[in-house]
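Everything on this sheet refers to the single structure shown next.
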Amino acid sequence: MKRVEFVSDRLSYIVLRGRWHNIVVNVRAPSEEKCDESKDSFYEELEQVFDHFPKYHMKMLLGDFNAKVGRENIFKPTIGQESLNQDSNDNGVRLVNFTTSKNLVVKSTMFPHWNIHKYTWTSPDGKTHNQRDHVLIDKRWHSSVLDVRSFRGADCDTDQYLVIAKITERLAVGERASQRFDRQRFNLRKLNEPEVREQYQIEITNRFAALENLNDDEDINRTWENIKENIQTSAKESLGLHEFKQNKPWFDDECLGFLDQRKRAKVQWIQDPSQSNVDNLNNVRREVSRHFRNKKKAYLRAKIEELETNSKIQNISDLYRGISDFKKGYQPRCNIVKDEKGDLVADSHGIVARWRNYFSQLLNMNGFKDGGQAEIHTAEPLVPEPSASEVDLAINKLKSHKSPGIGQIPAELIKAGGRTICLEIHKLLCGRRRNCLKSGRSRS
């Protein structure tokens, strides 16, 4: 994906990166009963956006055109002969005129299907059906669309059906999953409980007992790996992993049961659109919506009570985190950046290259001289080895609620480890200093 643009409340488009850049335009045209000025304004805006695209791109338009496209012979090269409707209405004629002027074809009316697979909209009483959602594509790329049909079984709680188009076009997909960094997040809140904190310290002490007999000549990197592994294992057994919050925490198994009930009612209505099944579907929909509203209200009341409790007990971090969630709402994760031209970059290698280029331009200023290669001569004596009390003081000064470094060990785990972790880190620092002195790379 290269770019997403929201033109207006009726128009948006997305640019996908493939062999040829694919541009997908999503539209929602005015309904048939709207005035001519509103319809003219919509197609003028659509034409302006369409003409802005390069000619060699593969352009596809889809959405709710609110248009009945018929089977007139004069429009046959553009719309085919497989439409649900026999005659075109005013919106249908406007759509055909726009399609013809831009050298497009309407692929949604060119594939033979049963009428039930051509419906894109059904009236609430289930008696009126229409085909008003369409798929348009450049005439030179029309063979890329293999099929277009509706799927009535998709439960979206709407009067419109899901329309799917099968297309043969290869897109460029980045290997994001293989490049993702594996990170474990521990449930650090449990460290506030005295019993859990004591259990974690016992786990740390037992696991580090195996490191007491290590000699001083052991590789420093291997020693650090052992310390890191023991801390992570003890934290995982004592604290457990942090459970990521759901997008809708109030949505539970009971809500799933209501969804299944609504889906069964819809399937029954599709198979037999009688008045009794229509009334049953409407009643189930109202009941499901009422249940969802009540569940969401109960969840919001519980969250407000939780914020009040955090405010009373001075739990500032959880208080502000909860307030931030309320203010921001759901924020989807986005691993996409923009390049110099403003196009979106989604693959991991391109993102790394973009950040490298950005910081190289930001930090390499004119007149900057790299001082890393300059030798600094000092007559100051070597600093003595740090004592265990100094290491303990430095650990206590670590800030909490910060992102861990490359070792993926939060500061809370080191601070809660007690005397055992302090002695192991002190031993590690002293061993590192002695190795530096032996290799002649002493540090002052």
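Along Cα→Cβ, 7 Å out, is where each label goes; now give me the distance between the ones at TYR299 and LEU256 in nm to one decimal. For TYR299 paired with LEU256, the spin-label model returns 1.5 nm. Taken about its Cα centre, the chain carries a charge dipole of about 340 debye when Lys and Arg each add +1 at the Cβ and Asp and Glu each add -1 at the Cβ.
Taking every alpha-carbon pair under 8 Å whose residues sit at least 6 apart, the chain reaches a relative contact order of 12 percent.
Give the peptides 229-242, 350-363, 148-161 in descending order of average Cβ contacts within 10 Å, highest first. All intermediate terms of the calculation are to be shown ahead of the outcome.
Details: 229-242: 17.4, 350-363: 11.9, 148-161: 15.1.
The most tightly packed comes first, giving 229-242, 148-161, 350-363.
Ordering GLN314, ASN280, ALA302 by Cα displacement along the dipole of segment 280-321 toward the positive end leaves ASN280 in first place; charges were set at the Cβ atoms of Lys, Arg (+1) and Asp, Glu (-1). Highest mean packing comes first when the peptides 105-114, 24-33 are listed by Cβ atoms within 10 Å, giving 105-114, 24-33.
Within the listed set LYS228, LYS76, LYS102, the Gaussian network model of the chain (springs between alpha-carbon atoms below 10 Å) gives the highest mean-square fluctuation for LYS228. Once the Cβ-Cβ distance of ASP318 and GLN271 is raised to the sixth power relative to R0 = 30 Å, the FRET efficiency obtained is 0.05. Only helices enter this figure: runs of n ≥ 4 DSSP H residues, each worth -39500 (n - 2.57), summed and divided by the residues of the chain, yield -14000 deg cm²/dmol at 222 nm to the nearest 500. Full extension of the segment from TRP114 to GLU37, taken as 0.36 nm per residue of separation minus the current Cα-Cα distance, would add 24.1 nm. Axis of helix 275-312 versus longest Cα principal axis of the chain: the two differ by about 20°, to the nearest ten degrees. Segment 88-125 and segment 253-307 have Cα centres lying 32 Å from one another. Would you mind classifying segment 3-167 by shape? Square roots of the alpha carbon gyration tensor eigenvalues, ordered a ≥ b ≥ c; an a/c under 1.5 is rounded, otherwise it is prolate if a/b is larger than b/c and oblate if not. Verdict is rounded for segment 3-167.
Relative to the current alpha-carbon distance between GLU47 and LEU428, full extension at 0.36 nm per residue lengthens the span by 130.3 nm.
Measuring r between the beta carbons of LYS139 and ALA353 and using R0 = 56 Å, the FRET efficiency lands at 0.90.
Coordinate-derived values only; no laboratory data. Just so you know, these numbers come straight off a predicted model, no measurement behind them. Ideal geometry is used to build each Cβ from the backbone, glycine not excepted, and the neighbour counts take in all protein chains shown.
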